[in-house]
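Undergrad: Here it is, the structure in full.
The values are calculated or read from the model by the stated rules, or taken from the named source; none is laboratory data. Values in this document were obtained by computation on a predicted structure and should not be read as measured data. Quick reminder, even Gly has a Cβ in these numbers, built from the backbone with ideal geometry, and neighbours come from all protein chains shown.
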Amino acid sequence: MMAGSYLATLIAAVIVYSLGMIGVALGQAEGAEHRLVEVENPVFRENELFVAQEDLRSPRFNDLIQRYELDKVVGNETNEFRRILLLRNWIKKNIAIENVNPTQTRGDAFGILDAALKGGGFHCGHFMVVQNAVLNAYGYVTRCLGVGPGGTPDRPGGHHGVNEVWSNEYLKWVLIDAKYDTHFERDGIPLSALEVRDELLRNEARDITCVRGPDRLPVEGPEEPEGGPVTYRWLSWEIQGNRHSNWPHFHSSALVTYSDEYYRTHKWWRRGRTNQHWAYTAGYFIPTPHREWIEWTPNVLRVTASIDQGQVRGHIVSSTPNLKEYQVCERPGTDWLPVAPHFSFQLTRDRHEWHLRSVNLAGVPGPTYRLVAEAGTH
């Protein structure tokens, strides 16, 4: 019995081995060599300037979701951008506008929302603070902007506080204004602050549309002039991005600006003691001529790969705030599995297509990167 059992096991092993060799022969032609195929992937741009992103490990984010029952706001919505607009709309519905005498309260999202739900009113900067906290609570990367039309020394143009959010769907930053529940689009594509400014300087923004609410309904514009396209002639981005998780500790007043010809030949008249923007005399502007430094790409992957001894060997890098892990799947519909930043994949067929992505601590996946290898005959 023991000899027979051994023989049966040996025969089974030979059959499995033979089937495996047949599978390799069918999947890969004799003399074939694999090569990496160039495909279109999201453009990766390193974060060169912006520091201290929100820390999603802070309990302040879960507290925010629980205290204001924000899960009810997004409900079962799965589309990322619509979830963002639903949260923006909730902020608009629950905070009254008061530009001249805003309610005096603690300046973080909790203080503002608690007072607003009791009838308090607030200006644009408060909407900006709340929107930053609420969207980051759901894993969406945002930044805070101070913008303005500029004006003249005699008629300075004022100032407005808004946010941009990184859209994994559109692969770009999108300007979002919680005070008016609006953003701007061209041909159905949401625009960044720099893109709105481009359109303003090009032809007074005649080709863009202001849209409001989760349904993105076209409107004439915000109910106040400060939210219109002319407001985005001057732009500044807060260099430090952790207003909520770092509260009430240090927050830098340094501001990134785009140093193009218009910036270098004009001055931002904002109002104040000298009517020019305070950051000139304080030395707090950080001008950069590198637009790509401002338009860095959260969550997007850069993958370097090569083929060696029947394997694809590669390395993943990204500028993903609150990175949890990288993931891979082969073929649509298969499970996403964790993958190390340094990886190797076996080549067993004529064609392989792996999909790679980042996932942050809130479970938000970044854009998909495609890695394709194909075999060709000598």
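Undergrad: Quickly run through segment 74-116 and pick out the residues that are aliphatic (A, V, I, L, M) and crowded, with 19+ Cβ neighbours inside 10 Å.
TA: 84, 85, 87, 91, 95, 109, 112, 113, 115, 116
Undergrad: In addition: Cβ-Cβ under 9 Å, sequence separation 6+ or interchain: first residue in segment 351-378 and on the phi > 0 side of the Ramachandran plot, partner crowded, with 16+ Cβ neighbours inside 10 Å. Which pairs?
TA: 363/139; 363/324
Undergrad: Considering only strands (runs of 3 or more DSSP E) fully contained in segment 273-344, which possess at least 1 residues that are of a type outside the set (Lys, Arg) and in contact (Cβ under 8 Å) with a residue 60 or more places away in the chain?
TA: 285-288, 301-308, 311-318
Undergrad: Where in segment 124-225 are there strands (runs of 3 or more DSSP E), lying fully within it, with 1 or more residues that are buried (at least 21 other Cβ atoms within 10 Å of the Cβ) and acidic (Asp, Glu)?
TA: Filter on segment 124-225 gives 160-167.
Undergrad: Here's another thing I want to ask about it. Enumerate the pairs (first residue in segment 230-259 and in the same structural domain as residue 195 (by TED's automatic domain parsing) and closer than 18 Å to residue 295 by Cβ; second residue anywhere and part of a strand (DSSP E or B) and small (Gly, Ala, Ser)) with beta-carbon separation below 6 Å, excluding pairs fewer than 6 apart on the same chain, so at least 6 apart or on different chains.
TA: Going by the 6 Å Cβ cut-off, the qualifying pairs are 234/148; 236/146; 241/52; 255/236; 257/236.
Undergrad: Tell me the residue from 80, 98 that is charged (D, E, K, R) and closer than 17 Å to residue 213 by Cα, please.
TA: 80
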